[in-house]
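For reference, the structure discussed in these notes is given below.
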Amino acid sequence: SDAICSFVICNDSSLRSQPIIFNPDFFVEKLRHEKPEVFTELVVSNITRLIDLPGAELAQLMGEEDPKLPGANSTASGFFRSLMSLKRKEKGVVFGSPLTEEGIAQVSQLIEYLHKNLRAEGLFRVPGNSIRQQILKDALNSGTDIDLDSGEFHSNDVATLLKMFLGELPEPLLTHKHFHAHLKIADLTLFDEKGNKTSTPDKERQIEALQLLFLILPAPNRSLLKLLLDLLYQTAKKQDKNKMSAHNLALMFAPHILWPRNVTANDLQENITKLNNGVTFMIKHSQKLFKAPVYIRECARLHYLGSRAHTSKDDLDLLTSSGSKELQPLKSQKRSRLDSCHQEETQQRTEEALKELFHHVHNMPDSAKKKKLIRQFNKHPTALTPGSDVPTSPAPRRTRSRSFSGLIKRKVLGTPIILERKSRDTTPEPVRVSKENVQLLQKCGSPAHMSQAKLKSLEGQKEGSCRRMRARLLSKDSSSL
């Protein structure tokens, strides 16, 4: 229990960039190790909510009574039962002994090797060589290192030996106490609109019940079951090569991991189909079965971090629904604070980037491109704030021409030149309109309502006035000269 709660502060800089692994079942495992009675009561109360267990079967599940198994009082097939019990009396360090961590470490070598050889046709169905199997069995019992990749053993030898190990355990991997619970889980079906049971399995409730049931398995059984179901799941995914579907694998392993010991097929009778279908379901959904349900995680977390009493799923739903209204304003306030902080941070980054860009443009050599970029900055003074930080050098003003031709241009074409210069600036000044043009506009109205004849007459009047103005200017200049 101390090892679960301890943590290490890593000072190695090379490992700080590694992702942090968060275990969502941390408090579940902590509660299981520190307070097993509280943990078992919590899990079993939720199991009884899903399946109907009478008093005797519930007492067997809790370990308060010895499990009553099929065929225990029957005198039939006594020869086969005595033969099977004699086989299990030959106990070794691994085979025939109760499940231990040492035994799991030895058997995990077989599982790792089979993960690399899943394409063998008829895997777990085709028996291997008995002599090679005995050599491998003796090596595992003695604890010696085995090189399975040397080519001395075939994948069928290893697969058969794995089944043999499971079959020689004193009790099945799923334990005798859980036998009746598995039969009840297989009967979980959906209800129709009228509340009557249908023949369609209720997969969600079956997964939830198996999750709870696996939580109260002994730790070595749960560890090996996870390794085994993951292997069978990967084997079924390669059924196009090995011809072993999930159902075929269930037929091979149900007698070893679920059937009670010292029973025959006649003892089980109609339950054989349920047991085989149950193992098939475990193989297909093995990736979901070893996660604690959400409400179990919440109850375990509240046990250590809160003062709320342990409750079942139904009670937890009521508590969360009643407290959700109070939490809504707090959540909205927190969300608004996060949004405002995010906006301020984004605005600050944008301003810093614009300042850097403006400094870069300001330090560029004088060119047409630099002037164009500065004009673009000046077009948006509100958005581009850095303009106030860095003073811009004023552009040199052009000296007016005092020649005779320049005087004529300013007098005659003054308005177009002024308009052209003003359009280049960011803050255009109002265009000056002469008194004659105002009078013409008032007489003629808006340009949209003018006729073509009026436009031509106006153009002619303007050209005539221009000619007269040029003549006057030329006469004045010549007289002055």
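The values are calculated or read from the model by the stated rules, or taken from the named source; none is laboratory data. Just so we're clear, the structure is a prediction, and the values are computed from it rather than from any experiment. Every residue, glycine as well, gets a Cβ built from its backbone with ideal geometry; the counts of neighbours run over all protein chains shown. In case anyone asks, the SASA skips ligands and DNA or RNA and just uses the protein heavy atoms, side chains included. Shrake-Rupley method; radii C 1.70, N 1.55, O 1.52, S 1.80 Å.
When a 1.4 Å probe is rolled over the protein heavy atoms, the share of accessible surface on the stretch 93-170 that falls to carbon and sulfur comes to 51 percent. In plain terms, the chain from residue 129 to residue 26 could stretch by 32.7 nm, reckoned as 0.36 nm per residue minus the Cα-Cα distance. Our summary gives the stretch 93-170 a relative contact order of 51 percent, counting only alpha carbon pairs under 8 angstrom and 6 or more residues apart.
Using R₀ = 22 Å, calculate the FRET efficiency as 1/(1 + (r/R₀)^6) where r is the Cβ-Cβ separation of residue 270 and residue 203; round to 0.05. Result of the calculation: an efficiency of 0.50. Annotation: per residue accessible area for the stretch 93-170 equals 46 Å², rounded to a whole number [probe 1.4 Å, protein chains only]. Sparsely packed loop sites in the stretch 104-186 (the trypsin sites (Lys or Arg not before Pro) outside DSSP H, G, I, E and B with at most 14 other Cβ atoms within 10 Å) comprise 116, 119. Relative protection proxy for 96-105, 144-153, from highest mean packing down: 96-105, 144-153 (other beta-carbon atoms within 10 angstrom).
Ordering of 262-272, 26-36 by packing is 26-36, 262-272, highest average first (other Cβ atoms within 10 Å, averaged per residue).
Starting from the Kirkwood Rh over alpha-carbon pairs, what translational D in µm² s⁻¹ does the stretch 138-217 have by Stokes-Einstein at 37 °C and 0.692 mPa s? Answer, rounded: 200 µm²/s. Rounded to 0.05, the FRET efficiency of the residue 223 and residue 154 pair, given R0 = 35 Å and the Cβ-Cβ distance, is 0.85. Near residue 189, the amide H atoms lying under 5 Å from its own belong to 202; only residues 5 or more places off or on other chains count, and H is placed 1.01 Å from N. When each of the peptides 291-302, 216-227 is scored by how many other beta carbons lie within 10 Å of its residues on average, the order from highest to lowest is 291-302, 216-227. Considering only the Cα atoms of the stretch 93-170, their convex hull presents on average a projected area of 4.7 nm². Averaged per residue, the stretch 180-309 has 46 square angstrom of accessible surface, using a 1.4 angstrom probe with ligands and nucleic acids left out.
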